[in-house]
Amino acid sequence: TGQPTHVDGADETELQEVVEALLAVYPVDDGAQSEFRAFAKAIGRERIRWTPSWQHRDVAVGNVLTHRGALRFLDWEHASARSEPWFDIAYAPGALTLLAQRQDDSPSVRDAGLSVLCMDTWPGRILHQEMERAWRHPLPLAWAVALVVMSTALRRRIHGRRGWTNWAELALCLVADREFRRSAD
C-alpha cells in the first residue's frame with residue numbers, strides 16, 4: 001500500500017510524546033535523561049507537519065520477500081493508516097541492529113549497532129546512502145530513526161513482546177551516547 005490516507009494532519013507534539021512515553025517506562029540515568037529531554041525540546045522547536053499514511057510498521061527480515069524483482073511484505077499485524085510516512089524506512093536501522101545482535105550473539109545492542117550502522121562498515125555506508133537517497137520527509141533522518149526505535153520499543157512493551165528493552169537500549173544509544181551517534185552518523 002504505502003498510499004497516503006486522508007486523515008487529519010499531525011505535528012511535532014506527537015513526536016515529543018513518544019520521547020516522554022519512553023522516559024516514563026525505561027529508566028535512564030540523569031545524564032541520559034537530559035539528552036532525551038534536549039531531543040524532545042529540539043523536536044518542539046521545529047515545525048514538523050505530516051499527513052499520516054499506511055505503513056507496515058514491522059519491516060524485519062522475516063516479513064519481507066522478493067518476488068519477481070519486487071519486495072513483498074508479509075505479516076501486517078502492526079500496519080496502521082495513522083503512521084508517520086517515514087516509519088518503514090526509518091525502521092530499517094533498528095531492525096538491522098537487532099538482527100545483527102541475534103546473529104552475532106552479541107551481549108550488547110550498542111556493539112551490534114556499531115558493527116552495522118557505523119559509516120566505516122559496508123552495511124552502514126550502504127544503509128546510509130540508500131536511506132539518504134530516498135529521504136523526503138520534514139525531519140532529519142537521524143531523528144526519525146531514533147523516534148521509530150522509541151515507538152517500536154513502546155509498542156512491543158504494550159503488547160507484552162520480548163525484546164522491547166533492546167529497542168529501548170538502542171534508543172538510548174541513538175540519543176544519549178555521543179560516540180555512538182558520531183560513529184553511526
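Calculate what fraction, in whole %, of the accessible area of the range 123-179 sits on carbon and sulfur atoms when a 1.4 Å probe is rolled over the protein chains. Numbers along the way, then the final one.
Details: 1450 of 2860 Å².
Of all accessible area on the range 123-179, carbon and sulfur atoms account for 51 percent.
If we sort 26-33, 170-177 on the protection proxy, mean other Cβ atoms within 10 Å, highest first, what's the order? Mind showing how you got there, number by number?
On the way: 26-33: 13.0, 170-177: 24.6.
Put in order of decreasing packing, that is 170-177, 26-33.
Hey, what D do you get for the range 78-185 in µm²/s if you plug the Kirkwood alpha-carbon radius into Stokes-Einstein at 20 °C and 1.002 mPa s?
Numbers: Rh = 14.0 Å.
Here the translational diffusion coefficient equals 154 µm²/s.
The values are calculated or read from the model by the stated rules, or taken from the named source; none is laboratory data. Small disclaimer: the values here were computed from a predicted structure and weren't measured. Neighbour counts run over all protein chains shown; Cβ positions are idealised from the backbone, glycine included. To get the accessible areas, we keep the full protein, side chains included, count just its heavy atoms, and leave off ligands, DNA and RNA. Shrake-Rupley method; radii C 1.70, N 1.55, O 1.52, S 1.80 Å.
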